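Have a look at the structure below before the remarks.
Please treat every number below as a calculation from the coordinates, not as lab data. In this text the structure is predicted, and so the values were computed from the model without any measurement. Every residue, glycine among them, receives a Cβ derived from its backbone with ideal geometry; neighbour counts consider all protein chains shown.
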Amino acid sequence: MSLRSLAEAGTGRVRRSRRYVCPVSSTPGPIVEGTPLWQPSEARRRAARITQFMDWLRAESGRDFGTYGELWRWSVESPEDFWAAAWHYFGIRASQPYERVLSGSEMPGARWFEGARLNFAEHALAADGEGVAIVHKSEERPLRELTWRELREQVGAAAAGLRQLGVGPGDRVAAYVPNMPEAVVAFLATASLGAVWSSCSPDFGTRSVVDRIAQIQPKVLIVADGYRYNGRDFDRASAIAELRGSLPTLESVVWISNLGAPVGAGALPWADLLSDPAPLSFKQVPFDHPLWILYSSGTTGMPKGIVHGHGGIVIDLLVVLGLQMDLGPSDRFFWFTTTGWVMWNIVVSSLLVGSTIVLYDGSPGYPALDQLWALAAEARVTSWGASAAYISSCVKAGLEPGREHDLSALQAASYTGSPLVPEHYGWIYEAVKPDIWFSSVSGGTDICGPFVGGCPILPVRAGEFQCRCLGVDVQAFDEEGRSVVGEVGELVVTKPMPSMPIHFWNDLDGSRYRESYFSTFPGVWRHGDWIKITPEGGAVIYGRSDSTINRMGVRMGSSELYRVVEELPEVLDSLVVDLSGMGRESYMPMFVVLADGAVLDDALKGRIRAAVRDQVSPRHVPDDVFAIPDVPRTLNNKKLEVPVRRILMGVPIEQAVNADSMSNPSSIGYFAEFAGRLSSRTESSTASRSPLS
């Protein structure tokens, strides 16, 4: 869903947003990067699981850490001690103990907990009884609950059904299903057998699904006949038929009648898969046995299959979910996602810490823009997550969720996906809840978790990640590979961590894996983001380093421009690219999506330029500003800056971007037409400021 449609869904015209001031200052003023907004109470600090972990460390080993910063430094300077402590603190079940924590420290190539045998599903299903494991809702179905006992029974039956279909360790089970309980059951059943899971959301284009699933040669395909989004039903029968025809290794299809369509020819109904009750059993597999295959965005080529192991995901996400996000059995955890985004895997993994997971399938803006806040109230969510784009659209629409919904159960909120304007942090505290713990997380599909994120015992500062995550040695590197603080540099990780991919699918010699992360700084993971580590230990991310703006020798992350431009009430969304080699030193156009009723006249262009000049840098004022219907985005809602830049430099669309990897493929055509005008007028306009002036 585009930012425009989000902002306009169910609310009529977009209202002008107000400016928010610091809620904790005795002298209120504008919120800027670094403005302090929240401090945990002493009671909250004492109750936090990370405090309990520090107390346990003191009692068990005599290690006394007075601050989070001291704990983080120990976790990266003594990784073997830290991860061994995490193993024992969380009581990881292993039918065979590990022989050593870490074999080698080089990247890639480090091996964790060799000798250990375990199973992800066993840890995820450790709870039992009538407590609620899953809360779920969709546009066509009301809120329902599934207990831990019911979940265990369904997983046991599904595993028996998959076993009868010939599924065993290492076999791939692929899914083309919405965010529904059946997807969770199927995944846990697959994992319990030692088979390998991979899923795509049914809103993915057919070609995009084939590009992902065909390369892993699945034995079983689980499908849903369709889904409902924004009040409209989408029948996927024809896409399923095409997908089945593209999978020569496929032996069985399991059919979920989500919209009530007849079961496809030769497919096994979901109910039949679960027809024979069976006790749960868990295949014990090596620590690095494949658990699931996730995929890179595939915006410029074939998506890479990223393989994670059972053990690495178990121990890393226990630390992330239990310590960084402070989740436990009393929590209800929601994040708006589909089965095609890594956040689905992370939400499901919160079963590891005993949390209730809250699933929603549908549009975040239907029947009104506050749908996700209404769900939080109805489901009694304690920890809520969404994209920065959704939060920004709520701000632009002038929503006040805390006044319109009962959010008394809500204790924490988070966002990811792209940077959030610092001032919009203030909206959370004024319009959602004044005492909420609001955090941002940034990591990726690559590690199925965050590099930087939240911490319940640290303060919240506008526009900043609270901390570097435990066990993750994140640094900012300058061009010479030197670590810098207080300066923008390349986001790198200098020590191995258990959740790094065990390999890429079909990358037999590891060359694609090495090229993706280790070609710039040998032996060091380069992620491709600009980051600044603050003197206080927090972090700020400024966007992708491969879409850097370089004006007159001064480099700038594009997100710094987005922050100030999207504060303007007339601007819903924006995209900027820096072009060179066009007969001038640089030409930098900015493209903006306007709020309903706004007009891109000279006055608004002037305000946009003034905002960049005054709040970012005079050197980075855009040469031109153009209105567009929508910013091109990936299926995971990231702006397609690099493909747009390539198109404007003359690369054909089909070579610059895979349309099936986009959430709004029709938006890209504008830039092909723009590139044609740019090319035809560049030579004749070398003396003018703009090729299109």
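Taking 18 Å as the cut-off, the amide N atoms of the stretch 625-648 that come nearer than this to a point 7 Å along the Cα-to-beta-carbon line of residue 600 belong to 625-633, 639-642, 644-648.
Descending by average beta-carbon neighbour count within 10 Å, the peptides 387-400, 260-273 line up as 387-400, 260-273, the highest first.
Cα-based values for the stretch 281-353, radius of gyration first and Dmax second, are 13.9, 43 Å.
Is the C-alpha gyration tensor of the chain telling us rounded, prolate or oblate? Criteria: a/c under 1.5 is rounded; beyond that, a/b larger than b/c is prolate, otherwise oblate.
On the way: a/c = 1.45, a/b = 1.26, b/c = 1.14.
Verdict is rounded for the chain.
Straight-line cross-link partners of residue 283 among the lysines, defined as a Cα under 16 Å from its Cα and at least 8 positions apart when in the same chain, are absent. Are there GluC sites (Glu not before Pro) in the stretch 87-178 that DSSP puts in a loop and that have at most 11 other Cβ atoms within 10 Å, and which ones? Sites meeting the loop and neighbour criteria: 99, 106, 130.
How many percent of DSSP beta bridges within the stretch 222-302 run antiparallel, rounded to 5? Looking only at bridges with both residues in the stretch 222-302, the antiparallel portion is about 45 percent. Amide H contacts of residue 117: 95, 96, each under 5 Å away and 5 or more positions distant or on a separate chain (H built 1.01 Å from N in the peptide plane; Pro and chain starts excluded). State the antiparallel share, in %, of DSSP beta bridges confined to the stretch 258-399, rounding to the nearest 5. The antiparallel proportion sits near 45 percent.
The charge dipole of the chain, taken about its Cα centre with unit charges on the Cβ of Lys, Arg, Asp and Glu (plus for the first two, minus for the last two), comes to roughly 580 debye.
A Förster radius of 35 Å combined with the Cβ-Cβ distance from residue 64 to residue 536 puts the calculated FRET efficiency at roughly 0.95.
Between the stretch 97-135 and the stretch 579-656, the alpha-carbon centres lie 45 Å apart. Segment residue 276..residue 95, full-extension length gain: 62.4 nm, with 0.36 nm per residue of separation and the alpha-carbon distance subtracted. Here the simple spin-label model places points 7 Å from the Cα toward Cβ, and for residue 43 and residue 259 these points are separated by 4.9 nm. Listed by chain and number, the lysines whose alpha-carbon sits under 24 Å from that of residue 532, ignoring those within fewer than 8 places in the same chain, are 495, 638, 639. Computed packing ranks the peptides 203-215, 59-71 as 203-215, 59-71, most packed first, by mean other Cβ atoms within 10 Å. For a straight C-alpha distance cut-off of 18 angstrom, the lysines reachable from residue 396 (same-chain residues fewer than eight places away being disregarded) are 433. Across the stretch 278-285, rounded Karplus estimates of 3J(HN,Hα) from the backbone phi angles (6.51 cos²θ - 1.76 cosθ + 1.60, θ = phi - 60°) give 8, x, 5, 9, 10, 5, 7, 10 Hz, Gly and Pro being marked x.
If R0 is 45 Å, what FRET efficiency do you get for residue 677 and residue 246 from their C-beta distance, rounded to 0.05? Plugging the Cβ-Cβ distance into 1/(1 + (r/R0)^6) gives 0.70. Annotation: the antiparallel percentage among DSSP beta bridges lying fully within the chain is about 55. In this rough spin-label picture, where each label sits 7 Å from Cα along the Cβ direction, the residue 378-residue 614 distance is 4.3 nm. Each Lys or Arg adds one and each Asp or Glu subtracts one; over the other residues with Cβ under 12 Å from the Cβ of residue 376, this totals 0.
For the stretch 463-523, GluC sites (Glu not before Pro) are listed when DSSP marks them as loop and at most 14 other Cβ atoms sit within 10 Å of their Cβ; the list is 479, 480, 487. The label-point distance for residue 73 and residue 506, in a model that sets each label 7 Å from Cα toward Cβ, rounds to 4.7 nm. Cα-based radius of gyration for the stretch 87-141, normalised by 2.2 N^0.38 Å, reads 1.74.
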